[in-house]
Amino acid sequence: MKQNIEPGLSIENIAGSVVHNSEKVLDSVLKMLDVSSLDQAAGAILKAERVDIYGVGASGIVAADLYQKLLRIGMKCSYNPDNHLQLTSACGLDRKDCAIAISYSGQTQAVIKTIQEARKSRAHTISITRFGKNSVASLCDIKLFVPSIEPLIREGAMTSRISQLVLVDILVSIIASRNSRFLKYLSRTMEALKMNKM
């Protein structure tokens with residue numbers, strides 16, 4: 001998969017490359033889905049009294065997306081882009097709660113520290129990382145993986161972000177499908193947001 005942006009490329013070449021890479025990563029996500037782990041993750045989130053979400057940098061964007069999607073179906077959840085506040089929140093969890101750590105590399109020190117604190121709080125833990133052995137996944141009860149097809153040193157997270165966002169969409173859709181109350185809440189929030197734009 002081509003990742004480098006090179007001088008002299010036409011807009012058509014750049015656009016074609018980005019779209020091609022996105023299509024390839026979507027196929028890869030579908031092929032490597034672990035249905036059992038997704039089922040376990042959805043179950044843990046549904047049972048939780050509170051869901052904490054952790055992520056920084058590009059994975060923080062994915063964490064924010066997961067947060068707003070869970071919020072819109074009426075789940076009690078928390079995400080803050082400030083890692084110090086993520087850490088503080090993790091210290092306040094207990095065994096009835098769930099913590100989700102998002103890090104493409106699985107080696108982000110801020111996320112590692114925060115999920116360690118969530119484990120000390122005895123919360124159920126879920127990771128979303130690239131496929132393969134990594135520190136964040138090794139700390140979590142339930143491991144969700146995206147394809148490991150983007151180099152860790154790169155211009156910016158492109159296909160890795162797309163793969164994580166798609167996995168989040170799949171996870172939230174599974175959760176929403178398991179209780180009609182969530183779909184009703186989604187309709188209500190959509191209507192409220194639409195009226196707020198008037």
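Points to keep in mind about this one:
- Contact map, segment 172-198: residues that are over 20 Å from Leu66 (Cβ atoms) paired with residues that are open to solvent by 80 Å² or more (accessible area, probe 1.4 Å) and not basic (Lys, Arg), Cβ distance under 8 Å, separation 6+ or inter-chain. No pairs are found.
- Scanning segment 26-47 for residues that are out of contact with any helix residue (DSSP H, G or I) (no Cβ under 8 Å at 6 or more places or on another chain), in contact (Cβ under 8 Å) with a residue 12 or more places away in the chain and more than 15 Å from Ile115 (Cβ to Cβ) returns Met32, Asp34, Ser37, Gln40, Lys47.
- Unmet criterion (only one of (1) open to solvent by 40 Å² or more (accessible area, probe 1.4 Å); (2) over 17 Å from Gly55 (Cβ atoms); (3) of a type in the set (Phe, Trp, Tyr)) for Phe182: (1)
- Here Asp169 fulfils each of the conditions (1) surrounded by 15 or more Cβ atoms within 10 Å (Cβ to Cβ); (2) within 13 Å of the chain's Cα centre (by Cα); (3) in contact (Cβ under 8 Å) with a residue 60 or more places away in the chain apart from (1).
- Residue among Ala176, Ala90 that alone is of a type in the set (Gly, Ala, Ser), closer than 28 Å to Ser22 by Cα and surrounded by 13 or more Cβ atoms within 10 Å (Cβ to Cβ): Ala176
- Highlighted here are the strands (runs of 3 or more DSSP E) found entirely within segment 36-141 that include at least 2 residues which are touching a Cys at 6+ places or on another chain (Cβ under 7 Å): 51-54, 124-130.
- Residue ID - nearest to Arg50 (Cα to Cα), chosen from residues in segment 142-151 that are touching a residue at least 40 places away in the same chain (Cβ under 8 Å) and assigned to a loop (DSSP other than H, G, I, E, B): Pro147
- The single residue among Arg161, Arg130, Arg122 that is over 13 Å from the mean Cα position of the chain (by Cα) and open to solvent by 10 Å² or more (accessible area, probe 1.4 Å) turns out to be Arg122.
- The set of residues in segment 101-114 that are among the aliphatic types (A, V, I, L, M), over 16 Å from Phe145 (Cβ atoms) and open to solvent by less than 20 Å² (accessible area, probe 1.4 Å) contains only Ile112.
- Some residue of segment 52-63 being among the aliphatic types (A, V, I, L, M), within 20 Å of Ile162 (Cβ to Cβ), without any contact (Cβ under 8 Å) to a residue 40 or more places away in the chain and open to solvent by less than 40 Å² (accessible area, probe 1.4 Å): yes
The values are calculated or read from the model by the stated rules, or taken from the named source; none is laboratory data. In this text the structure is predicted, and so the values were computed from the model without any measurement. As a convention, Cβ positions derive from the backbone with ideal geometry for all residues, glycine included, and neighbour counts pool all protein chains shown. All accessible areas refer to the heavy atoms of the entire protein, side chains included, with ligands and DNA or RNA removed. Shrake-Rupley method; radii C 1.70, N 1.55, O 1.52, S 1.80 Å.
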